[in-house]
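To keep things clear, I will list the structure first and then write my remarks on it.
The values are calculated or read from the model by the stated rules, or taken from the named source; none is laboratory data. Owing to the predicted nature of the structure, the values given are computational and were not obtained by experimental measurement. All Cβ positions, even for glycine, are placed from backbone atoms using ideal geometry, and neighbour counts span all protein chains on display.
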Amino acid sequence: MRIGILAVQGAFIEHGKKLERLGAGYIELRQKSDLEQEIDGLILPGGESTVQGKLLLEQDMLAALKTKIQQGMPVLATCAGLILLAEKISNDAHVYFGTLPVTVKRNAYGRQLGSFHAVQEMKGLGAVPMTFIRAPYIEAVGEDVEVLAKVDEKIVAVRYGRQYGVAFHPELDADDRIHRSFLQECAGRKL
């Protein structure tokens, strides 16, 4: 199994290390030609969503990745990746992939000083460590969006079809359950 990790900016290296530890191969997606390789799933990492969106457009990768997602490619989007997937961003006019029917608020917990760590129940996984860094949260969900976790009554993890969006950074914690669950979703799926 091989996972594509968007590697134009952000915390992609940490996701790669997590996948290696779980025995999964990966490829860093940096330019359009990288999208010609066969992958079983996609990770959209944390980082700066505005920069990532700009680079996706400049590298002419946005439309091709959006098509893969719309065709059922499993995707795990963390922090900025969640913003990239969102159909609407309440405090920003930009929309990038727009495939996840949620409304997200960018930097919802404040800037770097508003970063924090929590341990919270996540549907199907139990208590999961969650590291929030300049994190968004989900203000509203559309029809058929499953809420997987909340922190202080704010939605921080959802599932919609084969799209998983989390407002935190599971790649920064030792717990592997989110990535392991995502790999199970990807098993047997080739695009």
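Starting from residues that are farther than 26 Å from residue 67 by Cβ and of a type in the set (Ser, Thr, Tyr), keep the ones in segment 91-121 and report whichever is modelled with the highest pLDDT. Walk me through how you get there before you give the answer.
Here is the first cut: in segment 91-121, the ones farther than 26 Å from residue 67 by Cβ are 91, 105, 107-121.
Imposing the further condition that a residue be of a type in the set (Ser, Thr, Tyr) reduces the set to 109, 115.
On the way: 109: 77, 115: 85.
Among them, the one singled out is 115.
Going by the conditions given, is residue 38 among the charged types (D, E, K, R) and out of contact with any helix residue (DSSP H, G or I) (no Cβ under 8 Å at 6 or more places or on another chain)? Steps first, answer last, please.
On the way: among the charged types (D, E, K, R): yes; out of contact with any helix residue (DSSP H, G or I) (no Cβ under 8 Å at 6 or more places or on another chain): yes.
Taking the combined requirement at face value, the residue satisfies it.
So for segment 96-111 (the condition being closer than 20 Å to residue 18 by Cα and surrounded by 14 or more Cβ atoms within 10 Å (Cβ to Cβ)), does at least one residue qualify?
Pass one, segment 96-111, residues closer than 20 Å to residue 18 by Cα: none.
Scanning segment 96-111 turns up no residue that is closer than 20 Å to residue 18 by Cα and surrounded by 14 or more Cβ atoms within 10 Å (Cβ to Cβ).
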Residues of segment 38-62 being surrounded by fewer than 16 Cβ atoms within 10 Å (Cβ to Cβ), in contact with a strand residue (DSSP E or B) (Cβ under 9 Å, 6 or more places away or on another chain) and at pLDDT 95 or above, which ones?
none
Quick check on my filter: what residues within segment 63-76 are touching a helix residue (DSSP H, G or I) at 6+ places or on another chain (Cβ under 7 Å) and surrounded by fewer than 17 Cβ atoms within 10 Å (Cβ to Cβ)?
64
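Of 135, 140, which residue is touching a strand residue (DSSP E or B) at 6+ places or on another chain (Cβ under 9 Å), within 17 Å of residue 92 (Cβ to Cβ) and at pLDDT 95 or above?
On the way: 135 fails: at pLDDT 95 or above.
None of the other options fit; the residue is 140.
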